[in-house]
């Protein structure tokens, strides 16, 4: 969880200030600490069927599945820092997120098969449900943070 918080703190500092200092990373990591906590919640849901003695190992393996996203996030923001003119068209790099999405799905499926002992079909269903839950939480946060519902109500009035 600490590594996820560090990655997020680094990327938020880079994106918002175009600098990465220890104090910026620390304050950004603290401000966004709810993200690893949400990831902990979805991870606990995913590993809920693990044997009692295997839960810690399963949870550690679950957090290891964040590696593709960590590398993508850090590379994305490093590119913006190293190549400042790329900020103007940074959204063009977003489709590249399909790579960490696919790698994460594969890693989660492997986790369900090898660590949790699920069949191939059950592992795929678990991963789909996990990803839907993750997207729902992210979407709900975005809707809350951007006040989508009040804006939509305002459009209807």
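So how do 76, 34, 89 line up by other beta-carbon neighbours within 10 Å, fewest first? Show your work: numbers first, answer last.
Values: 76 19, 34 11, 89 8.
The fewest-first ordering by Cβ neighbours comes to 89, 34, 76.
For segment 110-157, take every pair of Cα atoms, bin their distances at 10 Å starting from 0, and report each bin as a whole percent.
So the P(r) values, bin by bin, are 25, 28, 20, 16, 10, 1.
Order of 80, 30 from fewest to most other C-beta atoms within 10 Å? Mind dumping the intermediate values first?
On the way: 80 18, 30 10.
Taking fewest neighbouring Cβ atoms as first place, the list is 30, 80.
Among 66, 57, which comes first, second and so on when ranked by fewest other beta-carbon atoms within 10 Å?
Values: 66 20, 57 13.
In order of increasing Cβ crowding within 10 Å: 57, 66.
For the chain, set up a Gaussian network in which alpha carbons nearer than 10 Å are linked by springs, and say which option among 69, 83, 45 fluctuates the most.
With Cα springs under 10 Å in the chain, the top fluctuation among 69, 83, 45 is at 83.
Compute from the Cα atoms of segment 2-143 the Rg and the Dmax, the latter being the longest Cα-Cα distance, and quote both in angstrom.
Rg, Dmax (Cα atoms, Å): 16.4, 51.
Please check: in the Gaussian network model of the chain (C-alpha springs, under 10 Å), which one of 138, 118, 78 has the largest mean-square fluctuation.
138
Values in this text are rule-based calculations from the coordinates and carry no lab data. Note that the structure is predicted; figures quoted are calculated from it, not measured. Neighbour counts run over all protein chains shown; Cβ positions are idealised from the backbone, glycine included.
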